[in-house]
Amino acid sequence: MGLVFFVMLSAMEAGTPPDQRIPTVWKAVLCTALALAGGTAFGLLMQRAVRRMSPLPRGATMATRRAAARVIRRRRLTGDPLVDETARIAARNSLRRSPWSALYFPMIVFLIGFTANAWSVLERFPWPEGILAVPWINLFGFAFFLFLLTATLPLTARERKAALAFLNTLDGAGRTGSGTEEGR
């Protein structure tokens, strides 16, 4: 992560005269500090998010998880106890997670990408060389990161709605699974 910050900072200084640039040593120190702070914040955030989750049953493979996701979307049990139990736990975990926690990573990506593309577009704004000098890839990136932000909210809402409907279907059928999660 520190290397990404270093490259990003160096790229931002590309048009700056050499005598006005930040010395490489200071860039390395700043980027290392940013990487340590960012890594620590991300680790604490993930620890908080994972602590609230219930573990999936033993023997749950990726195929079981995919089948459980299909069960949640379709709101129908399969009859396979492992898949059904995995779906029940995954649905409860989805509802336990804060709706905003699903936005932390897209927001960080959005802010970095949006800022970098906006900087690149606005830095050369008058475009004296004409329309061919417009940084089209950055305009595309600018639009893509706006799309990323607006597409994440409905997807998160749809996932939570499906999980809630699946659990309501289970409760309506009188099948809440094993008693391990009943008290929560």
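For the reader, a short list of remarks on this structure follows.
- Test for Phe42: is it at pLDDT 70 or above, assigned to a helix (DSSP H, G or I), surrounded by 11 or more Cβ atoms within 10 Å (Cβ to Cβ) and of a type in the set (Phe, Trp, Tyr): yes
- Filtering the stretch 23-38 for residues that are at pLDDT below 85, assigned to a loop (DSSP other than H, G, I, E, B), over 20 Å from the mean Cα position of the chain (by Cα) and among the polar types (S, T, N, Q) leaves an empty set.
- Subset of the stretch 8-21 [open to solvent by 70 Å² or more (accessible area, probe 1.4 Å) and at pLDDT 70 or above]: Pro18, Asp19, Gln20, Arg21
- You will find that of Ala116, Ala133, the residue that is loosely packed, with under 14 Cβ neighbours inside 10 Å, at pLDDT below 75 and among the small types (Gly, Ala, Ser) is Ala133 and no other.
- Scanning the stretch 48-74 for residues that are open to solvent by 100 Å² or more (accessible area, probe 1.4 Å), assigned to a loop (DSSP other than H, G, I, E, B) and in contact (Cβ under 8 Å) with a residue 40 or more places away in the chain yields a single hit, Arg52.
- Residue in the stretch 155-167 that is modelled with pLDDT of 75 or more and on the phi > 0 side of the Ramachandran plot present: no
- Residue count for the stretch 76-96 under the criterion of being charged (D, E, K, R), open to solvent by 20 Å² or more (accessible area, probe 1.4 Å) and in contact with a Leu (Cβ under 9 Å, 6 or more places away or on another chain): the result is 3.
- Filter pass, Arg52 being more than 20 Å from the chain's Cα centre (by Cα) and under 21 Å from Arg96 (Cβ atoms): no
The values are calculated or read from the model by the stated rules, or taken from the named source; none is laboratory data. Every value quoted in this text rests on a predicted model; they were computed, and no experiment measured them. As a convention, Cβ positions derive from the backbone with ideal geometry for all residues, glycine included, and neighbour counts pool all protein chains shown. SASA here: full protein model, heavy atoms, side chains in, ligands and nucleic acids out. Shrake-Rupley method; radii C 1.70, N 1.55, O 1.52, S 1.80 Å.
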